[in-house]
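Readers should treat all values here as calculations from the given coordinates under stated rules, not as data from a laboratory. From a predicted model like this one, the values you see are computed outputs, not experimental measurements. So basically every Cβ, Gly included, is an ideal-geometry build from the backbone, and we count neighbours across all protein chains shown.
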């Protein structure tokens with residue numbers, strides 16, 4: 001994180017490393033850790049926002065997959 005105007009700012013490298021960490025942890029662990037104390041486990045408020053965005057993307061992917069599976073294997 002780079003200090004900017006007295007506040008820590010996430011750089012693109014920080015964001016990439018955080019996304020990699022989230023992928024390694026998996027959706028369930030990230031959801032649990034962010035529910036307990038997101039800032040404590042992942043960093044500042046910017047990291048918490050990035051975690052929320054990542055979880056929204058994972059939800060959208062899961063809904064898209066379930067919709068595809070339903071179309072492929074659903075009763076006709």
Label-to-label distance, nm, for residues given as residue 71 and residue 8 (7 Å Cα→Cβ offset): 4.3
Packing-based order for 38-48, 18-28, 55-65, using average beta carbon neighbours within 10 Å, highest first: 38-48, 18-28, 55-65
Using alpha-carbon coordinates, inclination of helix 45-73 to the longest axis of the chain, degrees: 10
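Can you tell me what percent of all Cα-Cα pairs in the chain are more than 21 Å apart? Walk me through the intermediate numbers first.
Details: 1096 of 2850 pairs.
It works out to 38 percent of all Cα pairs.
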Sites residue 16 and residue 45, calculated FRET efficiency, Cβ-Cβ separation with R0 22 Å, nearest 0.05: 0.75
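From the square roots a ≥ b ≥ c of the eigenvalues of the alpha-carbon gyration tensor of the range 35-75, which class results: rounded (a/c under 1.5), prolate (a/b over b/c), or oblate?
On the way: a/c = 7.15, a/b = 3.81, b/c = 1.87.
Prolate.
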Helix 27-42 axis, angle to the chain major axis (alpha carbon atoms, nearest 10°): 20
Computed lengthening from residue 62 to residue 29, 0.36 nm per intervening residue step minus Cα-Cα distance: 10.3 nm
